[in-house]
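The values are calculated or read from the model by the stated rules, or taken from the named source; none is laboratory data. As the structure is a prediction and not an experimental result, all values here were calculated from the model. Cβ placement follows ideal geometry from the backbone for every residue including glycine, while neighbour counts extend to all protein chains displayed.
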Amino acid sequence: MTTTTNTTIRASEKTTALLSVLFMAVLGGAILFAAGHAQSATLHDAAHDIRHATGFPCH
């Protein structure tokens, strides 16, 4: 029974970690998408400067 409990806990931890990583990737992509396509000049310029600072090609 101890082996089953440890396996179940490890599977649960892996699932939680995978969901956390997936959620953060989706959130990051949504933020980049929103900032990159923003009509507000200030928000767009801020995103543009961040892209240059991180070395991400934008044009």
Go through the range 11-39 and count every residue that is at pLDDT below 80 and either exposed (fewer than 10 other Cβ atoms within 10 Å of the Cβ) or among the basic types (K, R) (or both).
1
Would you mind telling me which numbered condition in (1) at pLDDT 80 or above; (2) touching a helix residue (DSSP H, G or I) at 6+ places or on another chain (Cβ under 6 Å) A47 fails?
(1)
When both residues are 6+ apart or on different chains and their Cβ atoms are under 6 Å apart, which pairs have a first residue that lies in the range 28-41 and is on the phi > 0 side of the Ramachandran plot, and a second that is surrounded by 11 or more Cβ atoms within 10 Å (Cβ to Cβ)?
none
